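The values are calculated or read from the model by the stated rules, or taken from the named source; none is laboratory data. Because the structure is a prediction, the values reported are computed rather than measured. In this analysis, Cβ positions are derived from the backbone assuming ideal geometry, glycine residues included, and neighbour counts consider all displayed protein chains. Remember, those area values only see protein heavy atoms, side chains included, never the ligands or the DNA or RNA. Shrake-Rupley method; radii C 1.70, N 1.55, O 1.52, S 1.80 Å.
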Amino acid sequence: DEWEEPYATDGQARFIERIYRDSSTLAMNLAAEADSLGIRVATASDGKLRVYSWISGGGTSPDFTCVTQYVDSKGRIRAFEGVPIPDGVAYGAILGILRIDSIGKDGIYLLDVYNKSSSRREHSDLVAVVIDADTFVLGPAFRWGGKTYASLSVEHEVSGQYYAAEEGSGWIDFFQYVPETQEIRIPMVDDTYSLTGRYRIFRYDGTYFSYIGEGASIYPL
């Protein structure tokens, strides 16, 4: 694979060229180096999927470029420009990747996708994907109100919340996952787009992540 993305600084370009050239970088902890270049690194806990994201244009509603590095079904390490989300699903920076090992033969990856829509509002989206042969396809959909959704989106005020967990240690600040019950918690907002501290709860039922009710944060304040 070759990389020809022009929307990067010289330092970012050299870093990404190395990702394409050296497959062993997938096993390296590159977070500090990437951070110094303005590149966000999100890595799944199994080490088989990583996305590098950076701002490549725009102003208060920035454009993001992403490069994905992953292990395909035959054990080959691949890299491509974009994210493991099929066409038609909007994306921005990938802030976190949660692998759910207990669901399905090969597991499911939940992607925490971030976009800034203005100087005052952000979008946070949750998308489930799985590896299918050598590429990615959408994973289980979210079932809510008799309808199914490929992703769940929360528009909210710029909150200043960032992911405090070290790489690979867990989701803690926005979307929440309870492994014992296979529940995903999606933050709720009020009429002013402020976070309320309440969550919509979805549970995997073997086919969908289905809505089961509301609840509070699983983490102590």
Fluctuation leader among ARG50, ARG121, ARG40 - the chain, Gaussian network, Cα springs under 10 angstrom: ARG121
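Taking only protein heavy atoms into account and a 1.4 Å probe, give the accessible area per residue of the chain in Å².
Value for the chain: 51 Å² per residue.
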Length-normalised contact order of the chain in % [C-alpha pairs under 8 Å, at least 6 apart]: 12
Segment SER23-ALA216, extension gain: residue separation times 0.36 nm, minus the distance between their alpha carbons: 65.3 nm
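Once a ≥ b ≥ c are taken as the square roots of the eigenvalues of the Cα gyration tensor of segment 35-75, is the result rounded (a/c under 1.5), prolate (a/b larger than b/c) or oblate (a/b not larger than b/c)? Spell out each step's value before the answer.
Working: a/c = 3.57, a/b = 2.36, b/c = 1.51.
Cα axes put segment 35-75 in the prolate bin.
If each residue of separation counts as 0.36 nm, what is the full-extension length gain between THR181 and ARG14 once their alpha-carbon separation is subtracted?
Values: separation 167, 0.36 × 167 = 60.12 nm, distance 4.31 nm.
Length gained, THR181 through ARG14: 55.8 nm.
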Karplus (6.51, -1.76, 1.60) ³J(HN,Hα), θ = phi - 60°, over segment 182-191, in Hz, Gly and Pro reported as x: 6, 9, 10, 10, 10, x, 9, 10, 9, 5
FRET E, pair ASP191, SER102, Förster distance 35 Å, beta-carbon r, rounded to 0.05: 0.40
Accessible-area value, PHE80, 1.4 Å probe, nucleic acids and ligands omitted, Å²: 60
At 0.692 mPa s and 37 °C, Stokes diffusion of the chain via Kirkwood alpha-carbon radius, µm² per second: 182
